[in-house]
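What follows is a set of notes on a single structure, which appears directly below.
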Amino acid sequence: MSRLDKSKVINSALELLNEVGIEGLTTRKLAQKLGVEQPTLYWHVKNKRALLDALAIEMLDRHHTHFCPLEGESWQDFYVITLKVLDVLY
């Protein structure tokens, strides 16, 4: 078995989130998916809230890679999308 790191925890959590939704995402299910005991996860994320925060940051890093509207995208649309992302994060 490969060494567990935060990146592996986050990627597996994103997969699980897609499978079971936010209500079904638990640290117990994530530990089962990773093949580890639940307390092992706490070395990487303190609790479910910390896990959700890390997932939000990861999704933002992956999908919100520009800080100005793309060519052809209106400032208004860009602004609305940015505010929605920030609302989820904070």
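The values are calculated or read from the model by the stated rules, or taken from the named source; none is laboratory data. Note that the structure is a prediction, hence the values are computed from the model and not measured.
Computed values, structure above
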{"quantity": "Within segment 1-39, considering residues that are hydroxyl-bearing (S, T, Y) and not in a helix (DSSP H, G or I), the one farthest from the chain's Cα centre (by Cα)", "calculated": "S2"}
{"quantity": "Looking only at segment 40-52, and only at residues there that are part of a helix (DSSP H, G or I) and either of a type in the set (A, V, I, L, M) or at pLDDT 95 or above (or both), the one that is nearest to V88 (Cα to Cα)", "calculated": "L52"}
